[in-house]
Amino acid sequence: MQDAAVLTIIKREEKRQKEGIELIPSENYASRAVRTALSSFFVNKYSEGYPGKRYYGGNENVDDVERLAQERAKKLFKVPFANVQPYSGSPANLAVYLATCRPGDVVMGQALTAGGHLTHGDKVSATGIFFKSVQYQLKSGTADSRFRVSTDLFDYDEIRRLVKQHRPQLIWVGATAYPLQFHYEKFAEIAGAAGAFLAADIAHIAGLIVGGAHPSPVAHVHLVTTTTHKTLRGPRGAIVMVTDKGLKKDPDLSKKINQAVFPGLQGGPHDNQTAAIAVALHEAAQPSFKNYAKQVVKNAKVLAGVLKKGGLALVGGGTENHLILVDLSPTHGPGAGIFAQKALDEAGLTLNKNSVPDEPSSPFYPSGIRLGTPASTTRGMKEKEMKFIGETILEALSLLKPYALPKTKDERLDYLRNFRKEMESNRQLHSLKLKVKKIALRFPIR
Ligand code: DSN
């Protein structure tokens with residue numbers, strides 16, 4: 001590579017990834033084979049349309065690779081139809097709206113502050129602007145580990161009541177910050193009674209589903225969307241699938257999804273991404289991927305156990321998947337997520353601040369942190385490393401006791417600037433970072 005300026009930055013990012021431990025639950029490491037496909041000659045091609053029906057010439061190889069990706073997705077997720085062209089998760093979800101709704105229709109999804117996704121009808125998203133969005137929350141009081149481990153945080157009576165009142169055309173089930181398994185059949189019963197389309201967004205848990213570590217929604221929903229870069233360990237990208245149940249409700253649903261993706265929302269597909277998705281789907285179909293998925297959950301449970309024993313409040317009281325949501329408000333005060341993210345960054349542990357159910361602060365200064373095990377498990381880390389990570393988190397968080405988020409916006413800016421400086425020069429965090437680096441380097445990223 002000849003561009004020294006960019007190469008320097010790329011090398012810095014490589015070092016950051018190698019020397020730290022990645023705990024953001026939506027991130028992962030794509031294999032060398034996936035990255036090779038991404039930088040292949042397919043980067044150079046335009047291929048608006050679908051296999052056998054392209055607008056430009058020279059697409060015989062693109063057709064082959066796209067058909068391969070489609071077939072692999074269908075087989076892996078056990079669905080009759082897959083569109084592998086969405087650039088990423090948000091366009092994939094928009095395609096579902098375009099295929100099932102008209103502007104102004106009522107739609108419903110889990111609120112962002114309760115762990116849902118922007119594209120499930122949040123008011124700042126196109127999905128909340130062009131549709132009448134109704135949002136459901138989680139049960140109150142779930143963000144506290146003093147409550148015994150719950151197996152379900154959804155209030156189905158309340159969701160049923162909202163559905164009866166608002167009659168949505170489309171309902172979403174799926175989340176970006178939900179630590180327990182989804183019981184899709186319960187959503188299906190509610191959506192079915194209202195005649196609504198039910199779409200499962202499995203972006204976070206797709207790898208767990210195909211690895212047998214989480215139930216599949218396929219028998220219960222009409223549509224499934226997923227990104228391909230999270231637990232599925234592929235390139236950034238997405239897939240929209242239609243189930244047999246979906247085709248029964250609307251035999252034209254696959255055609256409508258294709259039309260929605262192109263020409264409805266996108267232009268030329270990213271063929272290099274399609275090739276890389278095909279590679280990732282092949283990798284996820286291997287027996288070793290099942291071990292990976294099970295280890296992700298096992299690791300998350302061990303990590304959650306250490307954090308809970310250390311006195312942290314976990315939403316749902318623990319985890320059943322790859323993700324842990326810590327509510328810091330009882331231990332570190334409202335809005336403490338911003339402090340925790342920075343302190344842990346300085347210790348070489350990357351995770352993100354996150355809202356918690358019943359958030360006492362705001363989405364900009366949320367009270368929780370969200371972390372997970374997909375990336376560290378890809379590196380080969382197991383229970384022993386999870387104990388180290390958990391203990392390191394507890395030690396770093398113990399430094400935050402003197403800090404509290406000021407009430408006013410003006411006070412906050414100065415306070416946070418000082419806080420950041422203090423964290424950056426904190427010797428205890430620096431020594432934790434060295435320990436993290438030592439462990440991290442024992443687990444190469446391939
Ligand atoms: N940004 C993703 C996540 O972190 O969960 C959701 O789109």
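Values in this text are rule-based calculations from the coordinates and carry no lab data. These figures come from a predicted structure and were not determined experimentally. Glycine also receives a Cβ, built like all others from the backbone with ideal geometry; neighbour counts cover every protein chain displayed.
The Tyr56 and Lys164 beta-carbon pair, evaluated with R₀ = 56 Å, returns a calculated FRET efficiency of approximately 0.70.
Subtracting the Cα-Cα distance from 0.36 nm times the residue separation, let me have the gained length for Lys132 to Glu189 in nm, one decimal.
On the way: separation 57, 0.36 × 57 = 20.52 nm, distance 2.22 nm.
Additional length available on full extension: 18.3 nm.
At most 13 other Cβ atoms within 10 Å plus a DSSP loop assignment makes a site exposed; report the longest stretch of the chain without any exposed chymotrypsin sites (Phe, Trp or Tyr not before Pro).
Numbers: sites that count: Tyr55, Tyr56, Phe364.
Within the chain, the longest run free of exposed chymotrypsin sites (Phe, Trp or Tyr not before Pro) spans 57-363.
For every helix of n ≥ 4 consecutive DSSP H residues, a contribution of -39,500 (n - 2.57) applies; sum these over the chain, divide by its total residues, and give [θ] at 222 nm rounded to the nearest 500 deg cm²/dmol.
Helix-only estimate at 222 nm: -13500 deg cm²/dmol.
Counting neighbouring Cβ atoms within 10 Å and putting the fewest first, the residues Ser398, Ser26 line up as Ser398, Ser26.
Would you mind ranking Leu162, Leu170 so that the residue whose beta carbon has the fewest other beta carbons within 10 Å leads the list?
Values: Leu162 19, Leu170 25.
With the fewest neighbours first, Leu162, Leu170 line up as Leu162, Leu170.
Of the residues Val306, Asn321, Pro287, the one whose Cα sits farthest toward the positive end of the charge dipole of region 285-331, with +1 on the Cβ of Lys and Arg and -1 on the Cβ of Asp and Glu, is Pro287. Between Arg35 and Ser140, the contour length at 0.36 nm per residue exceeds the Cα-Cα span by 33.5 nm. Coupling constants for region 344-359 follow from the phi torsions by the Karplus curve (6.51 cos²θ - 1.76 cosθ + 1.60, θ = phi - 60°), and in residue order they are 6, 4, 5, 8, x, 10, 9, 8, 10, 5, 8, 5, 10, x, 6, 3 Hz; glycine and proline get x. Across region 313-326, rounded Karplus estimates of 3J(HN,Hα) from the backbone phi angles (6.51 cos²θ - 1.76 cosθ + 1.60, θ = phi - 60°) give 8, 9, 4, x, x, x, 9, 10, 9, 9, 10, 10, 10, 9 Hz, Gly and Pro being marked x.
Counting DSSP beta bridges with both partners in the chain, what percentage is antiparallel, nearest 5? Spell out each step's value before the answer.
Working: 21 of 37 bridges.
Of the beta bridges lying entirely in the chain, close to 55 percent run antiparallel.
The order of Ser288, Ser367, going from fewest to most other C-beta atoms within 10 Å of their C-beta, is Ser288, Ser367.
For region 294-339 versus region 368-387, the inter-centroid distance based on Cα atoms is 12 Å.
For the chain, the fraction of C-alpha pairs more than 41 angstrom apart is 17%.
Give me the net charge of Asn299's neighbourhood, meaning all other residues with Cβ under 9 Å from the Cβ of Asn299; Lys, Arg count +1, Asp, Glu -1.
Details: positive: Lys298, Lys301, Lys382; negative: Glu383, Glu385.
Combined, the nearby Lys, Arg, Asp and Glu give +1.
Relative to the longest principal axis of the Cα atoms of the chain, helix 60-77 runs at roughly 70 degrees. Measure nothing but the geometry: give the 0 to 90° angle between the long axis through the Cα atoms of 184-194 and the longest principal axis through the Cα atoms of the chain, rounded to 10°. The angle comes out near 50 degrees. Each Lys and Arg contributes +1 and each Asp and Glu -1, all at the Cβ; summed about the Cα centre of the chain, the dipole is approximately 900 debye.
Only the Cβ atoms of Lys and Arg (+1) and of Asp and Glu (-1) were treated as charged; on that basis the dipole of region 1-85 about its Cα centre amounts to roughly 220 debye. Between region 167-195 and region 112-129, the alpha-carbon centres lie 15 Å apart. Note on region 391-446 and region 1-36: Cα centroid distance 22 Å, given to the nearest whole angstrom. Rounded to the nearest 10 degrees, the angle from helix 409-424 to the longest Cα principal axis of the chain is 70 degrees.
A full extension of the chain between Arg67 and Ile9 corresponds to an added length of 17.3 nm, given 0.36 nm per residue minus the alpha carbon distance. Starting from the Cα of Lys382, step 7 Å toward the Cβ, then list every residue of region 302-329 with an amide N under 20 Å from that point. Label zone hits: 302-306, 322.
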